[in-house]
Each structure stands twice: as C-alpha cells, then as structure tokens.
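J.: The following block contains the structure, expressed as structure tokens.
The values are calculated or read from the model by the stated rules, or taken from the named source; none is laboratory data. Keep in mind the model is a prediction, meaning the values are calculated, not measured. Cβ atoms come from the backbone with ideal geometry, glycine included; neighbour counts cover every protein chain shown. The accessibility values were calculated without ligands, DNA or RNA, using every heavy atom of the protein model including side chains. Shrake-Rupley method; radii C 1.70, N 1.55, O 1.52, S 1.80 Å.
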Amino acid sequence: TLRPNLVRATVLNDVGPKPARKGLARIAARAGADPAPHDDWAGLAAALAEQSGEDYPNYKAADWLNMARRLYRKGRDGRLHPAFDARLTAACRHLTLDLAAYDLEPCYASLAHRRPVLLLHGAQSDLIGEKEIRAMKRVSRAGGGDFTRVDVSHVGHAPDLSEAQSRLAIQDFLDALP
C-alpha cells in the first residue's frame with residue numbers, strides 16, 4: 001500500500017475478498033430492484049420485512065420500522081424515498097456472477113498484513129462461506145496479522161450492528177488494540 005500506516009485495524013461486516021455465488025446472486029437480484037417510494041412508514045416496514053425477513057428472523061415490528069427510518073426519508077411530495085443513492089440499484093442490475101471478477105484477495109492480503117481483522121459474520125449469511133472465511137484467516141495469519149471471527153446469531157447478510165453481540169465484539173476488538 002502507498003500509506004501502510006493509514007489503517008490500524010479493520011472491522012468487516014459480513015464481507016470478504018471473495019463472495020459466495022449463492023449470496024451474490026441473491027443480493028444482485030434484491031439490490032437490483034428499483035426502490036419504490038412508499039406512502040407510510042408502516043407499509044414500508046412491512047415491505048422490508050417481506051423482502052429481508054430471512055436475513056433478520058428475530059426482528060419485531062419496531063426493528064423493521066427502525067430499518068425503514070434508516071433507509072428512507074420523507075420527500076417534498078410527502079412520500080418516503082430511499083435515503084441512499086438510488087443509482088446503486090442500477091449498478092447492481094449489472095453485477096456479474098463470474099466470481100473471478102470479485103477476487104479481492106490481494107487487496108485483503110494488503111489490508112490484513114500485520115493488522116488485526118474482525119469479521120462480523122451473519123450466522124445465517126450466504127454471502128460469505130466457510131471456505132472463504134478459512135482463506136481469510138489463512139491470509140491474515142500468513143501476513144503476520146490477527147483474525148477474529150464472530151458469528152452474529154439469528155442474522156443473515158448482514159448484521160445491522162445494533163445487535164448486542166456485534167456491539168460487544170467491536171468494543172472488545174477496539175479495546176484490545178495497542
């Protein structure tokens with residue numbers, strides 16, 4: 001890297017240098033859909049629950065409402081519109097499922113070289129598999145870095161970082177930094 005001391009440690013949220021095909025296909029299909037405006041928060045929360053219920057099986061109505069409020073904002077027209085750049089969905093429509101296109105292992109090796117890495121992995125996630133996680137650990141250790149994996153229970157892709165397990169893992173990871 002050009003500035004090797006710029007990054008001291010890394011927290012990755014259910015991602016790695018190589019995605020699993022099944023998870024990538026699911027995300028491409030979901031993320032490539034046009035985010036429609038909604039008329040009310042309850043309807044939007046229900047739509048998000050229907051779309052992402054597999055990823056967050058323990059979410060209650062209040063959790064879906066919180067997610068809706070994180071992802072959408074009320075527009076001038078009074079309707080709820082994405083708070084994120086909707087052009088992201090257009091880019092996702094063109095994602096290739098050729099996994100060779102996503103080989104970021106050299107980047108990961110550089111990132112993990114002599115640095116601690118924390119991977120928060122949704123225990124039900126299909127975006128990053130066991131094989132990929134073992135490779136991340138191997139690459140981290142080969143480069144003199146440390147690799148910690150925390151499986152966030154009852155979550156798919158990706159932990160929303162409000163889970164007690166996620167918050168505690170991040171706090172412990174940061175507290176252990178020299």
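J.: Pick from LEU97, LEU65, LEU127: which is closer than 30 Å to TRP41 by Cβ and assigned to a loop (DSSP other than H, G, I, E, B)?
T.: LEU127
J.: Which of the residues belonging to the stretch 126-138 are open to solvent by less than 30 Å² (accessible area, probe 1.4 Å) and either more than 18 Å from the chain's Cα centre (by Cα) or not small (Gly, Ala, Ser) (or both)? It would help to see each step written out before you state the result.
T.: Here is the first cut: in the stretch 126-138, the residues open to solvent by less than 30 Å² (accessible area, probe 1.4 Å) are 127-129, 133, 135-136.
LEU127, ILE128, ILE133, ALA135, MET136 - these are the residues of the stretch 126-138 that are open to solvent by less than 30 Å² (accessible area, probe 1.4 Å) and either more than 18 Å from the chain's Cα centre (by Cα) or not small (Gly, Ala, Ser) (or both).
J.: State all residues of the stretch 72-93 that are in a helix (DSSP H, G or I) and surrounded by 10 or more Cβ atoms within 10 Å (Cβ to Cβ); if no residue qualifies, say none.
T.: Filtering the stretch 72-93 for residues in a helix (DSSP H, G or I) gives 87-92.
Correct list: LEU88, THR89, ALA90, ALA91, CYS92.
J.: Moving on to the next point. Would you be able to tell me the number of residues in the stretch 94-125 that are of a type outside the set (A, V, I, L, M, F, W, C), more than 18 Å from the chain's Cα centre (by Cα) and surrounded by 12 or more Cβ atoms within 10 Å (Cβ to Cβ)?
T.: 4
J.: Note down all Cβ pairs under 9 Å where the first residue falls in the stretch 48-71 and is under 15 Å from LEU161 (Cα atoms) and of a type in the set (Ser, Thr, Tyr), the second is open to solvent by 60 Å² or more (accessible area, probe 1.4 Å) and outside any helix (DSSP H, G or I), and they're at least six residues apart or on different chains.
T.: Listed pairs, sorted by first residue: TYR56/HIS154.
J.: Tally the residues that are open to solvent by less than 40 Å² (accessible area, probe 1.4 Å) and assigned to a loop (DSSP other than H, G, I, E, B), restricting the search to the stretch 36-58.
T.: Qualifying residue count for the region: 3.
J.: Find all pairs meeting these conditions: Cβ atoms under 8 angstrom apart; at least six residues apart or on different chains; first residue within the stretch 131-148 and closer than 22 Å to ALA20 by Cα; second residue open to solvent by 70 Å² or more (accessible area, probe 1.4 Å).
T.: Here the result reads GLU132/LYS18; ILE133/ARG149; ALA135/LYS18; LYS137/ARG149; SER140/ASP146; PHE147/LYS137; PHE147/ARG141, each pair linking the stretch 131-148 to a residue that is open to solvent by 70 Å² or more (accessible area, probe 1.4 Å).
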